[in-house]
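**Student:** Dropping a structure here in C-alpha cells format, bear with me for questions.
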Amino acid sequence: MNQGTSSSTVGIDAIAIATPRAYLDLVDLAAARDVPSDKYTKGLGAIRMAIAGRHEDPVTLATDAASRLFARAGVDASRIGYMAVGTETGIDHSKPVASYVHGLLGLPAACRVFDTKHACFGGTAALMGAVEWIASGAARGRSALVVCSDIARYALGSPGEPTQGAGAVALLVTERPRLVELEVGHTGTYARDVHDFWRPLSRRDALVDGHYSVSCYLDAVAGAFGAWRDEDVRRGGAPLARTAYHVPYVKMAKKADRHRAIACEGLDEAAAEARFARDVGSSLAFAAEVGNVYTGSLYMALAALLHAEAGVLEGERVGLFSYGSGCVAEFFAGRVAVGAADVVESLALDEPLRDRVRLDFGAYEAIRRADGDEPAGVTADDEVDVASDRCAFVGVDAAERRVYRRATHGSTPRADAASTAAA
Ligand code: HMG
C-alpha cells in the first residue's frame with residue numbers, strides 16, 4: 001500500500017473550484033417560506049446557496065473549474081491522458097458533459113474521456129479510476145483530470161429546497177502529488193439498493209425521502225468506515241488528523257462524524273462533539289457558502305480543509321467519506337504532502353466565493369421557474385452576457401446541439417469563441 005513515502009505515490013496534485021455568479025441567502029429563503037431562519041442556518045448549517053443562471057450549466061461550471069486549475073497550477077494540458085466528469089445533472093441522454101469540456105479546454109485527442117454517474121458518488125468513481133490508471137502504469141507518466149460538476153435542485157417550497165446548491169471541483173491527479181497522497185487500494189466500501197433520492201428522466205428537480213436519506217447515509221458511514229477500519233487496523237495505520245465528508249448540508253457532516261464516533265468508535269457525546277469541532281469543522285466553510293454540489297461535495301470539503309489548515313496538516317493523514325444515494329459509499333484516506341501549504345496558497349481556492357451577486361427572493365424564483373427554458377435557434381455568434389473569465393452556455397442551435405463560448409482567463413468571451421457543438 002502507498003502510505004505516502006515512496007516515489008510511486010499517486011494522488012491529488014492540485015484543486016480548483018467554480019460556483020455560479022449568484023447566490024440566495026438562506027435568511028431570505030426562510031423569510032419567503034415563513035420558516036424561522038435558525039432552522040436553516042443553525043438546524044441545517046446553511047448560510048448561502050449558489051444558484052445557476054441561464055448561461056450556467058454542468059459544462060460551464062466544469063470548464064470554469066478546470067480552467068482555473070490549469071491557470072493556477074500551471075497545468076500542461078498536453079500531458080492529460082484521462083479526463084472524467086462525475087455528474088448527475090445530465091444535459092443529454094448520450095453526449096457526455098466530458099466531451100464538451102474536452103473540446104472547450106482543448107485537451108489532446110489521445111485521451112480517455114467519459115462521464116461517471118452514481119448520484120453524488122460519480123466524482124469518487126472517476127477519481128478512483130484515475131488513481132488506479134496511474135498506479136497501474138497505464139498512464140505512462142501522463143496525468144488525469146477529474147471534474148465533479150452538478151446543480152442540486154429540489155421542488156420550490158419542498159423540505160429539500162434549502163439544501164440546493166451548484167458548483168464544480170476540478171482535481172489534477174498525478175504521480176508524486178503536491179497536495180494529497182492517496183492510499184491506493186485501501187478503501188472501505190458499502191452498497192445497498194435503497195430509494196432515498198432519485199430523479200426520473202422527465203424531471204429537473206430531484207425527489208427525495210429526506211429523513212430516510214439521512215438514515216441511509218448514516219448506515220453507509222458505519223458500513224464503509226467499519227470496512228476501512230478493519231483493514232487499517234490490520235495494516236497498523238496512523239490516526240486520522242482530520243476527516244472530510246460528503247456534505248449535502250453542513251449538519252449532515254456533523255451527524256456523520258457523531259455516528260462514526262459513538263456507534264463505531266465507542267466515544268461519548270462530549271468526546272464526539274470535541275472531535276467534530278477539531279477534525280471536521282474547517283472542512284465545512286465552502287459548503288456553507290455554496291450548498292450541496294452533489295459529486296463535488298466531498299472534494300469541496302477537502303478544498304476548504306486544505307485552504308484553512310494545509311500548513312498544520314503537512315505529513316498528517318486525512319480521512320475522506322464519499323456517499324452517493326441509491327446507494328454506495330467509500331471511506332479512504334491520504335496523507336497531506338510536505339509543501340502542500342505553499343501550493344494551496346498559489347491555488348487561491350476561495351477566490352470564486354469572493355465576488356458573487358446576492359439574488360433577492362423574486363429573482364431566485366424567476367430563475368427556478370424558467371428552468372429548462374433554454375434559448376433555442378442560437379448560433380455561435382450570438383452574444384451572451386457573462387463575465388469575461390467564464391464559460392457560457394449560449395443555447396441550443398437549430399439541430400438541438402448545445403452551444404458554448406469560452407474565454408481564457410483575462411480575455412473577453414468573444415476573443416476565442418469556441419464550442420464543440422457549434423463548430
Ligand atoms: P425537514 O424535515 O424540513 O427538517 O428537512 P427537520 O424538521 O428535520 O429539521 C432539520 C434540523 O433543523 C433538525 O435538526 C431540527 O431540530 C432543526 P436535527 O434534529 O437534524 O439535528 N431545527 C431547528 N434548529 C434551530 N432553530 C429552529 C429549528 N427548527 C428545526 N427553529 C431534510 C430536513 C434534511 C430531510 C431536508 O432538508 C431534505 O430532504 N434535504 C434533501 C435530502 C438530503 O440532503 N439528504 C441527506 C442525506 S442523502 C445524501 O447526502 C445524498 C444527496 O447528496 C444526493 C446524492 O447522493 O446525489 C442528497
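**Student:** Pull up the range 98-145, narrow it to residues that are away from the ligand (no atom under 16 Å from the Cβ) and assigned to a strand (DSSP E or B), then point me to the one that is nearest to Gly291 (Cα to Cα).
**Tutor:** Leu145
**Student:** What are the pairs, 6+ residues apart or on separate chains, where a residue within the range 125-154 that is under 21 Å from Phe321 (Cα atoms) and in contact (Cβ under 8 Å) with a residue 12 or more places away in the chain has its Cβ under 7 Å from a residue that is open to solvent by 20 Å² or more (accessible area, probe 1.4 Å) and among the small types (Gly, Ala, Ser)?
**Tutor:** Taking only residues 6 or more apart or on different chains, not a single pair turns up.
**Student:** Is at least one residue of the range 151-168 more than 16 Å from the ligand (Cβ to nearest atom) and on the phi < 0 side of the Ramachandran plot?
**Tutor:** No, every residue in the range 151-168 fails to be more than 16 Å from the ligand (Cβ to nearest atom) and on the phi < 0 side of the Ramachandran plot.
**Student:** Continuing with this model, one more query. Among the residues that make up the range 167-175, is at least one of them touching a residue at least 24 places away in the same chain (Cβ under 8 Å), in contact with an Asp or Glu (Cβ under 6 Å, 6 or more places away or on another chain) and more than 22 Å from Ala84 (Cα to Cα)?
**Tutor:** no
**Student:** Right, another one. Arg405 fails exactly one of the following numbered conditions: (1) at pLDDT below 95; (2) assigned to a strand (DSSP E or B); (3) open to solvent by 10 Å² or more (accessible area, probe 1.4 Å). What is the number of that condition?
**Tutor:** (3)
**Student:** Just to check your reading of the model, which residue among Leu145, Leu104 is touching a Lys or Arg at 6+ places or on another chain (Cβ under 8 Å) and open to solvent by less than 50 Å² (accessible area, probe 1.4 Å)?
**Tutor:** Leu104
**Student:** So which helices (runs of 4 or more DSSP H) are wholly in the range 236-331 and hold at least 3 residues that are more than 15 Å from the ligand (Cβ to nearest atom)?
**Tutor:** Qualifying helices (runs of 4 or more DSSP H): 269-279, 285-290, 297-313.
**Student:** Let me ask another. For the range 169-204, how many residues are within 15 Å of the ligand (Cβ to nearest atom), charged (D, E, K, R), surrounded by fewer than 20 Cβ atoms within 10 Å (Cβ to Cβ) and modelled with pLDDT of 95 or more?
**Tutor:** Counting residues in the range 169-204 that are within 15 Å of the ligand (Cβ to nearest atom), charged (D, E, K, R), surrounded by fewer than 20 Cβ atoms within 10 Å (Cβ to Cβ) and modelled with pLDDT of 95 or more gives 3.
**Student:** Name the residues in the range 336-360 that are exposed (fewer than 15 other Cβ atoms within 10 Å of the Cβ) and closer than 22 Å to Arg21 by Cβ, would you?
**Tutor:** Ala348, Glu351, Arg354, Asp355, Val357, Arg358, Asp360
**Student:** Which condition does Ala238 not pass, out of (1) touching a Lys or Arg at 6+ places or on another chain (Cβ under 8 Å); (2) open to solvent by 70 Å² or more (accessible area, probe 1.4 Å), if it passes all the others?
**Tutor:** With (1) touching a Lys or Arg at 6+ places or on another chain (Cβ under 8 Å); (2) open to solvent by 70 Å² or more (accessible area, probe 1.4 Å) applied to Ala238, the lone miss is (2).
**Student:** Also: I'm trying to understand the selection: among the residues of the range 1-17, which are at pLDDT 95 or above and either surrounded by fewer than 18 Cβ atoms within 10 Å (Cβ to Cβ) or not in a strand (DSSP E or B) (or both)?
**Tutor:** Thr9
**Student:** Ok, one more. Which is open to solvent by less than 30 Å² (accessible area, probe 1.4 Å), in contact with a Lys or Arg (Cβ under 7 Å, 6 or more places away or on another chain) and farther than 16 Å from Phe121 by Cα, of Asp232, Asp279?
**Tutor:** Unique residue meeting the criteria: Asp279.
**Student:** Which of the numbered conditions does Cys148 fail, given that it passes all the others? Conditions: (1) assigned to a loop (DSSP other than H, G, I, E, B); (2) within 14 Å of the ligand (Cβ to nearest atom).
**Tutor:** (1)
**Student:** Out of the residues in the range 375-388 that are closer than 30 Å to Tyr154 by Cβ and without any contact (Cβ under 8 Å) to a residue 60 or more places away in the chain, state the one that is least open to solvent (accessible area, probe 1.4 Å).
**Tutor:** This residue is Val378.
The values are calculated or read from the model by the stated rules, or taken from the named source; none is laboratory data. If you're wondering where the values come from, they're calculated on a predicted model, not measured in any experiment. Note: ideal-geometry Cβ built from the backbone for every residue, glycine included; neighbour counts use all protein chains shown. These area figures cover heavy atoms from the full protein model, side chains too; ligands, DNA and RNA do not enter into them. Shrake-Rupley method; radii C 1.70, N 1.55, O 1.52, S 1.80 Å.
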